[in-house]
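Working notes, beginning with the structure itself.
Just so it is clear, none of the values below were taken in a lab; they were calculated from the coordinates. As the structure is a computational prediction, the values presented were derived from the model and not from experiment. Here the Cβ positions follow ideal geometry from the backbone for every residue, glycine too, while neighbour counts run over all protein chains shown.
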Amino acid sequence: MRGTGRRLSTREYVKLIGVLDLPPLTCPFDPGYDPVTVESHLEQSGHLMAGMKISMACWLIADEASTRRKIAAARLHGVPTVTGGGPFEVAVAQGQLEAYLDLCANLGIIRIECGEGFTDLQLKPQAVVKLAHERGLEVQYEMGKKHDGSFTEDSLQDAITLGKAWLDAGAVQLVVEARESAQGVGIFGDDGAFNSGYADRFAEEFGLDIAIFEAPNKSSQFAFLKHFGPRVKLCNVRLEELLRVEIFRRGLHSDAFALPNLRPANPGVETNR
């Protein structure tokens with residue numbers, strides 16, 4: 001026999017148990033899924049997405065109609081789409097940046113990611129941002145090299161300096177590189193150890209509204225959330241891992257519930273998190 005209690009929505013219930021009402025803070029990553037899979041994830045979790053990164057360079061060789069379908073689905077759910085930095089670097093190296101920007105704009109992409117992860121960019125940030133803005137595209141810049149190992153004090157400072165130059169040129173966000181492994185790259189050591197001091201440097205220099213951290217696996221995702229708390233922005237989270245990240249962010253995961261900076265507040269108790 002069913003109970004006679006009042007009917008609650010899930011949203012009402014999580015509020016009752018003290019879970020923070022957070023804005024979308026994660027930009028998940030489509031690694032090349034079919035349109036139906038992407039549409040299903042958007043239907044289930046689009047309200048949790050600050051954006052969605054379209055599959056590395058996979059979208060360049062996938063059926064274009066399928067790519068357009070995914071972008072349209074994201075737009076329907078109010079989720080901005082962003083291309084990864086790899087296609088940008090290839091376009092610049094091959095002398096086809098303007099054609100690449102034209103393509104992104106024509107597909108309905110909202111933002112492009114720029115970087116120098118595996119190439120050396122000869123163009124000035126102002127020139128790139130100007131070309132993007134002329135086509136109605138936003139710009140974000142990825143800090144860090146893909147193949148040079150973890151940050152050193154010198155490379156960290158170089159990344160910060162470049163990040164400031166891109167912000168001055170009109171970029172709206174800065175991404176801290178972690179590739180797909182979060183190991184031997186950026187703020188992660190060869191053993192995957194999280195360098196909280198380097199993470200803090202980016203947060204101090206740019207703030208957690210501008211700096212967004214790539215967190216491609218469970219250990220990196222949990223490390224950022226444990227360290228910074230629920231309001232840190234994460235990206236390169238695989239679509240199927242988004243809900244796990246978001247329950248950890250809200251203290252609903254068993255490993256997060258005991259952490260003072262993540263555990264839901266007792267109902268009726270104010271929190272400044």
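Values computed for the structure shown
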{"read-out": "Fewest-first sequence of TYR141, TYR13 by Cβ atoms within 10 Å of each Cβ", "value": "TYR13, TYR141"}
{"read-out": "Highest-fluctuation residue, LYS233, LYS218, LYS53 considered, GNM on the chain with Cα pairs under 10 Å", "value": "LYS218"}
{"read-out": "Additional length obtainable on full extension of the chain from THR10 to ASP190, 0.36 nm per residue less Cα span", "value": "60.7 nm"}
{"read-out": "Convex hull volume of the range 214-273 per residue (C-alpha atoms, cubic angstrom)", "value": "77 Å³"}
{"read-out": "Of LEU101, LEU76, LEU42, the one that fluctuates the most in a GNM where the chain has Cα springs shorter than 10 Å", "value": "LEU76"}
{"read-out": "Taking the range 24-249 and dividing mean pair separation by its residue count, relative contact order in percent (alpha carbons under 8 Å, at least six apart)", "value": "19 percent"}
{"read-out": "Selected from GLY46, GLY95, GLY136 as most flexible by GNM, with the chain as the system and alpha-carbon contacts under 10 Å", "value": "GLY95"}
{"read-out": "Cα-projected label distance for LYS130 with PHE118, points at 7 Å along beta-carbon direction, nm", "value": "3.0 nm"}
{"read-out": "Length gained when the stretch ARG68-LEU208 is fully extended (0.36 nm per residue, less Cα-Cα span)", "value": "47.3 nm"}
{"read-out": "The chain: antiparallel DSSP beta bridges as a percent of all, rounded to 5", "value": "5 percent"}
{"read-out": "Two-decimal Rg/Rh across the range 161-273, once Rg and the Kirkwood Rh are taken from alpha-carbon atoms", "value": "0.99"}
{"read-out": "Note, ³J(HN,Hα) from phi for the range 214-223, Karplus 6.51, -1.76, 1.60, rounded to Hz, x at Gly and Pro", "value": "5, 9, x, 9, 4, 5, 6, 4, 5, 4"}
{"read-out": "The chain: Cys lacking any partner C-beta under 4.7 angstrom", "value": "CYS58, CYS104, CYS114"}
{"read-out": "Listed values [x] 13.3; [y] 19.4; [z] 16.5, entry calculated as mean projected area of the Cα convex hull in nm²", "value": "[z]"}
